[in-house]
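Remarks on the structure that follows.
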Amino acid sequence: MNTRAYVEARRHEIEAALPAFLPPPADCPPVLREAMAYSLLAGGKRLRPILCLASCDAVGGNRAAVMPAACAIEMIHTYSLIHDDLPAMDNDTMRRGRPTLHVVAGEGQAILAGDALLTLAFELLAGDPRSASHELMTRTLDVIRVLSSAAGPIGMVGGQAIDLACVTPDPQGRLAPALDAEGLRHMHAKKTGALIRASAVAGATLGGGSETQVAAIDAAAAEFGLAFQIVDDVLDVEATSAALGKTAGKDAAAGKPTYPSLYGLDASKRMAAQCLERAEAELHAANLTGSHLLGIGRWVVDRQN
Ligand code: GRG
């Protein structure tokens with residue numbers, strides 16, 4: 001199976017699995033459940049859960065058993081998008097090709113839907129310890145540790161805080177100094193890179209990968225995360241809002257430092273390609289080039305949205 005067919009098949013499985021992981025209608029206020037479903041079931045590339053499943057496959061794991069974790073990761077990602085779009089953060093009105101959640105449900109419900117998706121994700125990740133072996137419980141706890149760290153203050157939330165401080169003055173009107181190239185790399189490694197890495201590590205860990213395999217997949221996913229961000233910045237310049245399903249050109253309008261603004265478009269594209277070369281070397285050293293992981297890295301770099 002080529003990677004494109006593999007990605008489509010995994011995306012289809014994820015789309016089919018996600019609705020069942022929403023809270024039971026009888027137990028959850030309809031207004032909250034609808035808000036959660038509005039954002040979670042709105043499509044999107046599903047890159048992180050696909051990477052999670054592909055990492056499980058790469059180490060010969062049971063992909064079906066990893067589906068709850070893959071869906072939990074998409075919930076964490078969706079929460080971050082809902083909160084990022086809020087007026088207090090990026091203040092965006094378009095996401096995944098439709099109005100953002102706070103536009104249709106109000107800010108309060110959007111905040112709560114994000115909170116609910118984040119907490120539900122960890123309930124899902126914990127699974128049912130009563131039916132788990134000691135080995136599975138150890139791997140599950142490790143994945144909870146990795147994902148909570150990646151999503152929290154030293155990961156995504158930390159990266160978002162750095163970003164916010166640079167573009168939004170505090171109540172005293174102070175703005176953090178603009179990021180230089182190293183600061184930009186550091187901020188993105190936290191804000192977007194950490195969850196992409198953790199998605200791959202979660203799949204490989206739950207799939208029963210060896211320490212060497214998990215480390216190689218982690219290193220390759222770190223390169224994918226960087227490439228993802230570089231390409232995101234390039235698309236912000238080159239693509240239309242319709243193609244992206246979100247507002248294009250926002251970074252330049254906000255005067256944010258980006259890869260194209262620091263290095264130019266051509267050099268940025270070369271940097272993304274170099275990420276793939278380094279990822280290939282990592283995967284090759286751990287005998288993992290037969291998997292779909294590198295193909296997924298190419299998809300990250302070649303994507304148009
Ligand atoms: C609010 C705690 C908190 C964190 C927000 C991820 C993030 C941190 C903000 C998103 C802002 C943004 C547009 C960043 C650029 C990279 C990115 C994460 C794009 C969206 O991810 P995709 O392209 O989206 O995977 P889809 O819709 O395909 O899932």
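The values are calculated or read from the model by the stated rules, or taken from the named source; none is laboratory data. Source: prediction; values computed, not measured. FYI the Cβ positions are ideal-geometry reconstructions off the backbone, even for glycines, and counts take in every protein chain you see. Note: areas computed on protein heavy atoms with side chains; ligands, DNA, RNA excluded. Shrake-Rupley method; radii C 1.70, N 1.55, O 1.52, S 1.80 Å.
What residue among His292, His188, His134 shows peak mean-square fluctuation when the chain is described by a Gaussian network model with Cα springs under 10 Å?
Fluctuation is largest for His134.
Based on Cβ point charges of +1 for Lys and Arg and -1 for Asp and Glu, what charge dipole magnitude is obtained for segment 228-305 about its Cα centre, in debye rounded to the nearest 20?
120
If I stretch the segment between Met89 and Leu136 completely, what's the gain in nm (0.36 nm per residue apart, minus their alpha carbon distance), one decimal?
Stretched fully, the Met89-Leu136 segment lengthens by 13.1 nm.
For the chain, set up a GNM with springs between Cα atoms under 10 Å and report which of Ser131, Ser261, Ser148 has the largest fluctuation.
Ranking Ser131, Ser261, Ser148 by mean-square fluctuation puts Ser131 first.
For segment 101-122 and segment 274-298, what is the separation of their Cα centres, given in Å?
For segment 101-122 versus segment 274-298, the Cα centre distance is 36 Å.
Might you report the magnitude of the Cβ-based charge dipole of segment 1-127 about its Cα centre, with Lys and Arg at +1 and Asp and Glu at -1, to the nearest 20 debye?
So the magnitude is around 480 debye.
When ligands, DNA and RNA are left out and all protein chains stay put, how many square angstrom of accessible area per residue does the chain have with a 1.4 Å probe?
45
Classify the chain: rounded, prolate or oblate, from the alpha-carbon gyration tensor (a ≥ b ≥ c, eigenvalue square roots; a/c under 1.5 rounded; otherwise prolate if a/b is larger than b/c)?
Working: a/c = 1.61, a/b = 1.11, b/c = 1.45.
Judged from the Cα gyration tensor, the chain comes out oblate (a/c at least 1.5, b/c at or above a/b).
Leaving out ligands, DNA and RNA, what percent of the accessible area of the chain is carbon and sulfur, probe 1.4 Å?
Carbon and sulfur together cover 57 percent of it.
List the GluC sites (Glu not before Pro) within segment 5-55 that fall in a DSSP loop (any state other than H, G, I, E or B) and whose Cβ has at most 15 other Cβ atoms within 10 Å.
Working: sites: Glu8, Glu13, Glu15, Glu34; in loops: none.
Answer by residue number: there is no such site.
Can you return the aspartates and glutamates within cross-link range of Lys45? Criterion is Cα-Cα under 14 Å, with same-chain partners fewer than 8 residues away left out.
Result set, ordered by chain and number: Glu8, Glu13, Glu15, Glu74, Asp232, Asp302.
Would you work out if segment 60-168 is rounded, prolate or oblate? Take a ≥ b ≥ c from the square roots of the eigenvalues of the alpha-carbon gyration tensor; rounded if a/c is under 1.5, else prolate when a/b is larger than b/c, oblate otherwise.
Cα axes put segment 60-168 in the prolate bin.
If contacts are Cα pairs under 8 angstrom and at least 6 residues apart, what is the relative contact order of the chain in percent?
The normalised contact order for the chain reaches 21 percent.
Which distance in nm do the two modelled labels at Ala281 and Val31 give, with both placed 7 Å along the Cα-to-Cβ direction?
5.5
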